[in-house]
Amino acid sequence: MEKKLKIGVFGGGRGRSLVRTLWNHPRAELVAVCEASPAMTEKVKAAAEEYNGNMPAFYTDFDEFLKHDMDAVILANYAHEHATYAIRCMEAGLHVLSEVLPMATIGQGVALIEAVERTGMVYAYAENYCYMANSFEMWRRIRAGELGKITYAEGEYVHDCTKNLPSISRGRRDHWRLQSPSAFYCTHSVGPMLAAIGERPVRVVGFELPNDGRGGELPCFRGNGAIEMITLESGAVCRSLHGWLRRQGANNYNYMFYGEKGMIENSRFEDRSNISFYREGDAYCSGEWEKYVSEPFIETDLSSDTVQGTAHGGSDYYALYFFFERILGNKEAEAWSIDVYQAVEMGMCGLLAHRSILNGNAPQEIPNLRDPAQRDAWRNDHETTFPDVEGGQLVPITSFDFPKKPDEEFYDHLKRLNAAGLPLTCYPPSYEKPEPKE
């Protein structure tokens, strides 16, 4: 039996969902987990026991975690900290699979790219929405040239997390989710378009959606969402929509592509793996429709039931699969793995869209950071809304007038949202909900 890759996971929250995929995997084994929260560590241990695997080593200190005997690290920590820790991992000789998002600032993007080039380690971006049944199938057909040159695309990721705000913020006012501008979390909608079309984005215009009546009910600013209008190097235009718009269900993700030879889209209100493909014939405005349910087209060492049993409808598996295959020298895997250049470009669409929003929706040029000559102009660009980013140049979180609530009001609102009574131990210890006034 060939030697398995030794994998460490940094972050037990998102990382916990990777346990099933890593257990009994033919290519890799989970050997170490780094997580600061004792409660979250216990949940990861419980997940490990459920899948009858060997218990990994557990760490609370990242420096000690890096010393563990392993080949690669999956970064599942806070979304605005990924670039910083990815660089530390690669400089320690470890390959990196980064969860979303790739970086918090464009300057961090420069540093991330140069760390990959300098160390020669494998970096892959785990944008799982590129591997959903619908978007992955569209990627395959577009890459095969069945639509010809793409002229227009749409990507939507609508996921209303309002009721989950107490749990996903862990009851902390300084949590990254409560410091994010509307355009930041963009790559679930942007990523599948850029991956499928395979072109570099060159310009973006951002739009911020206003609160739709819930502004007084939320304890922090959470604009309903954002739109990015992205121009690609060929002149093609992509529209990205993402955010907390009102829509029942866990989440909604839709993609649509128009090309010289036809178009492809998935069903919006039925099973999203239902694909409609239009191929135009020799006569204008006349062609044939093909309607079918997309099926996985990549042969793996795991059964289809195991793959589909992983999180996000099986899409998490493919990000891991191509990452492992790249480490093992499979050149074919590079075609379906998102590299550092694509990752940073996906992230820049959101960062510069926010800059556009703050500047009256003015178009923003997206630099070509693949070109070393363009990097110096952006190396020290750390414009951000996150106060804990080292060297951060703080900008407003929104273009709207949204005054910051006092701490007492903030936690009162958060507790009111916590209708399920979740044990949110991160509330300030001294805080107790005020008694109602007479």
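The values are calculated or read from the model by the stated rules, or taken from the named source; none is laboratory data. Since we're looking at a predicted model, the values are computed, not measured. Cβ atoms come from the backbone with ideal geometry, glycine included; neighbour counts cover every protein chain shown. Remember, those area values only see protein heavy atoms, side chains included, never the ligands or the DNA or RNA. Shrake-Rupley method; radii C 1.70, N 1.55, O 1.52, S 1.80 Å.
Overview of values
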| item | result |
| --- | --- |
| Every residue from the stretch 150-168 that is outside any strand (DSSP E or B) and buried (at least 18 other Cβ atoms within 10 Å of the Cβ) | H159, D160, L165, P166 |
| Enumeration of residues in the stretch 360-384 that are assigned to a strand (DSSP E or B) and among the β-branched types (V, I, T) | T384 |
| Search result, residues across the stretch 22-54 that are touching a strand residue (DSSP E or B) at 6+ places or on another chain (Cβ under 9 Å) and not hydrophobic (A, V, I, L, M, F, W, C) | H25, R27, E29, E35, T41, K45, G53, N54 |
| Residue check, E199 among the charged types (D, E, K, R) and at pLDDT 95 or above | yes |
| Which numbered condition V110 fails, given (1) in a helix (DSSP H, G or I); (2) crowded, with 21+ Cβ neighbours inside 10 Å; (3) under 18 Å from the mean Cα position of the chain (by Cα); (4) not charged (D, E, K, R) | (3) |
| Flag if Y278 is on the phi < 0 side of the Ramachandran plot and in contact with a Phe, Trp or Tyr (Cβ under 6 Å, 6 or more places away or on another chain) | yes |
| When residues of the stretch 72-93 are limited to those that are touching a residue at least 40 places away in the same chain (Cβ under 8 Å) and assigned to a loop (DSSP other than H, G, I, E, B), the one most open to solvent (accessible area, probe 1.4 Å) | Y78 |
| Positions within the stretch 2-26 being out of contact with any Pro (no Cβ under 9 Å at 6 or more places or on another chain) and surrounded by fewer than 21 Cβ atoms within 10 Å (Cβ to Cβ), in sequence order | K3, L5, K6, G13, R14, S17, R20, W23, N24, P26 |
| Checklist (1) part of a helix (DSSP H, G or I); (2) touching a helix residue (DSSP H, G or I) at 6+ places or on another chain (Cβ under 8 Å) applied to V100, failing item | (1) |
| Search result, residues across the stretch 358-399 that are open to solvent by 80 Å² or more (accessible area, probe 1.4 Å), in contact with a strand residue (DSSP E or B) (Cβ under 9 Å, 6 or more places away or on another chain) and hydrophobic (A, V, I, L, M, F, W, C) | L394 |
| Cβ pairs under 6 Å, 6+ apart, first in the stretch 325-340 and open to solvent by less than 40 Å² (accessible area, probe 1.4 Å), second in a loop (DSSP other than H, G, I, E, B) | I327/V122; I338/E127 |
| In the stretch 28-56, the residues that are under 23 Å from the mean Cα position of the chain (by Cα) and open to solvent by 70 Å² or more (accessible area, probe 1.4 Å) | A36, K43 |
| Yes/no for L101 being closer than 26 Å to G243 by Cβ and either in contact with a Lys or Arg (Cβ under 7 Å, 6 or more places away or on another chain) or buried (at least 20 other Cβ atoms within 10 Å of the Cβ) (or both) | yes |
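Condition check ((1) part of a loop (DSSP other than H, G, I, E, B); (2) touching a Phe, Trp or Tyr at 6+ places or on another chain (Cβ under 8 Å)) across all residues:
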residue	(1), (2)
E114	no, no
R118	no, no
R141	no, yes
G148	yes, no
R170	yes, no
P181	yes, no
F184	yes, no
L194	no, no
